[in-house]
1. Exactly one condition in (1) crowded, with 18+ Cβ neighbours inside 10 Å; (2) in a strand (DSSP E or B) is false for Asn143; which is it?
2. Does the stretch 8-21 include one or more residues that are of a type outside the set (Gly, Ala, Ser), part of a loop (DSSP other than H, G, I, E, B), within 20 Å of Lys162 (Cα to Cα) and touching a helix residue (DSSP H, G or I) at 6+ places or on another chain (Cβ under 9 Å)?
3. Gly104 versus (1) surrounded by 15 or more Cβ atoms within 10 Å (Cβ to Cβ); (2) in contact (Cβ under 8 Å) with a residue 12 or more places away in the chain; (3) in a helix (DSSP H, G or I): which is the lone unmet condition?
4. If you take the residues in the stretch 115-140 that are in contact with a helix residue (DSSP H, G or I) (Cβ under 8 Å, 6 or more places away or on another chain) and in a strand (DSSP E or B), which one is surrounded by the most Cβ atoms within 10 Å (Cβ to Cβ)?
5. Filter the stretch 69-94 for residues that are aliphatic (A, V, I, L, M) and touching a residue at least 12 places away in the same chain (Cβ under 8 Å); which is surrounded by the most Cβ atoms within 10 Å (Cβ to Cβ)?
6. When you go through Ile38, Ile4 one by one, which is the residue that is closer than 25 Å to Asp73 by Cα, in contact with a helix residue (DSSP H, G or I) (Cβ under 8 Å, 6 or more places away or on another chain) and β-branched (Val, Ile, Thr)?
7. Would you pick out the residues in the stretch 34-68 that are surrounded by 13 or more Cβ atoms within 10 Å (Cβ to Cβ) and among the aromatic types (Phe, Trp, Tyr)?
8. Are there any pairs, at least 6 apart or on different chains, whose C-beta atoms fall under 7 Å, with the first in the stretch 3-23 and surrounded by fewer than 21 Cβ atoms within 10 Å (Cβ to Cβ) and the second assigned to a loop (DSSP other than H, G, I, E, B), and if so, which?
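The values are calculated or read from the model by the stated rules, or taken from the named source; none is laboratory data. Remember, predicted model here, so these are calculated numbers, not experimental data. So basically every Cβ, Gly included, is an ideal-geometry build from the backbone, and we count neighbours across all protein chains shown.
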Amino acid sequence: MGEIQSFVPSRLVMGILSTSEDSHPALFALLEKKFGPILHTSEAVPFTFTDYYNKEMDGRPQRFFLVFEKLYDPSLLAEAKLFTNLLEEQFTVDGGRRINLDPGLLSAASLILATTKNRSHRIPLQQGIYAEVTLFYEKGRFNSLPWTYADYGSEEFRLLFKRYRSEYMSAMKAQLS
């Protein structure tokens with residue numbers, strides 16, 4: 001029988017789609033109140049991979065990522081998604097989201113995202129929240145899977161996550177010393 005061990009902490013990453021840049025200071029304050037200081041904010045780029053969100057979000061959203069400083073207990077991923085769903089509702093205008101938040105866990109081995117959508121490859125966590133391995137790390141790089149969203153699978157974002165992973169690995173080493 002295997003020995004039960006505690007989960008290794010992860011780095012909390014927040015994928016954000018937004019058409020409401022004016023809301024970012026208030027949004028960031030609420031996220032920091034819940035998850036602690038933001039370590040990195042990536043550059044915002046136009047979300048051109050699909051038009052799926054354009055109608056609901058009243059325009060083409062920008063995609064960017066936040067990385068939180070504190071290492072995060074992976075068993076709390078569903079809680080993070082439930083919280084971000086409430087935030088999305090707070091920033092809704094005329095029934096349409098202006099902010100889309102996707103919390104994820106960055107570790108040495110993978111990037112795991114939380115979602116409310118059930119699919120064959122997703123694992124139920126709690127209260128209607130599922131987890132999926134979106135990228136896996138092997139042979140010095142992040143790799144996509146058949147279901148990886150196109151933007152997450154792009155070379156640009158995989159390199160960004162590799163940089164964040166390197167910083168995560170340094171933080172883990174510092175925590176162990």
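1. (1)
2. yes
3. The one condition Gly104 does not meet is (3).
4. Top of the filtered list is Leu135.
5. So the residue we want is Ala80.
6. Ile38
7. Selection gives Phe35, Phe47, Phe49, Tyr53, Phe64, Phe65, Phe68.
8. As it stands, the answer is Phe7/Asp73; Val8/Ser107; Pro9/Asp73; Ser20/Phe91; Ser20/Arg98; Ser23/Phe91; Ser23/Arg98, since those pairs meet every condition given.
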